[in-house]
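Sending over a structure as structure tokens; questions will come in a sec.
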Amino acid sequence: MALVNAGFVVLDCAEPEKLAEFYKGLLDAEETLATANRVEVTGAGGTRLAFRRDMNATPPSWPRPENSLQAHLDFLVEDLDEAERRVVSLGGRPLDAKGAPGPYEERGYADPAGHSFTLRRLPPTAPKQG
């Protein structure tokens, strides 16, 4: 069984809804998740992008080093504790492993070279009760 079920490239931005609209048009994508701080889209070719609200986001200055980091990897997993053990065993390290509890719990890590990524628990697939 695969440890990671799906991956997203996540772009931090001040207005995720507006950026999602751009990429929906560019990729002939459909919106697959929208919350107050995050919008996810899947393109016709399978490209999966997410846009996360960061009110302090500034446009990238690449190739200049100031403000050049604007994206990180985001992976969906079923079991965060198991995934964390695997990350650490592979040489990664926790950055922020105290995510908010609930269906969208997430934890931040760094790979062996220091690049940040997030593990998020898969959202529930069962229909709402009640």
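Which residues, taken from the range 34-55, are in contact (Cβ under 8 Å) with a residue 40 or more places away in the chain and surrounded by fewer than 14 Cβ atoms within 10 Å (Cβ to Cβ)? Full working, then the answer.
From the range 34-55, those in contact (Cβ under 8 Å) with a residue 40 or more places away in the chain are 35, 48-55; that's our starting set.
Scanning the range 34-55 gives THR35, MET55.
Follow-up. Going through the range 77-109 one residue at a time, which ones are modelled with pLDDT of 85 or more and of a type in the set (A, V, I, L, M)?
Kept after step one, since they are modelled with pLDDT of 85 or more, are these residues of the range 77-109: 77-95, 106-109.
Result: VAL77, LEU80, ALA83, VAL87, VAL88, LEU90, LEU95.
Looking at the range 12-33, which of the residues that are part of a strand (DSSP E or B) and among the charged types (D, E, K, R) is least open to solvent (accessible area, probe 1.4 Å)? Reasoning before the result, please.
Within the range 12-33, the first condition is being part of a strand (DSSP E or B), and the residues that meet it are 12-13, 30-33.
Cutting the leftovers down to among the charged types (D, E, K, R) gives us 12, 30-31.
Numbers: ASP12: 32, GLU30: 123, GLU31: 86 Å².
By that ranking, first place goes to ASP12.
The values are calculated or read from the model by the stated rules, or taken from the named source; none is laboratory data. Note that the coordinates shown come from a computational prediction; the quantities given were computed from them, not determined experimentally. So basically every Cβ, Gly included, is an ideal-geometry build from the backbone, and we count neighbours across all protein chains shown. Note: accessible area is taken over every heavy atom of the protein model, side chains too, but ligands, DNA and RNA are not part of it. Shrake-Rupley method; radii C 1.70, N 1.55, O 1.52, S 1.80 Å.
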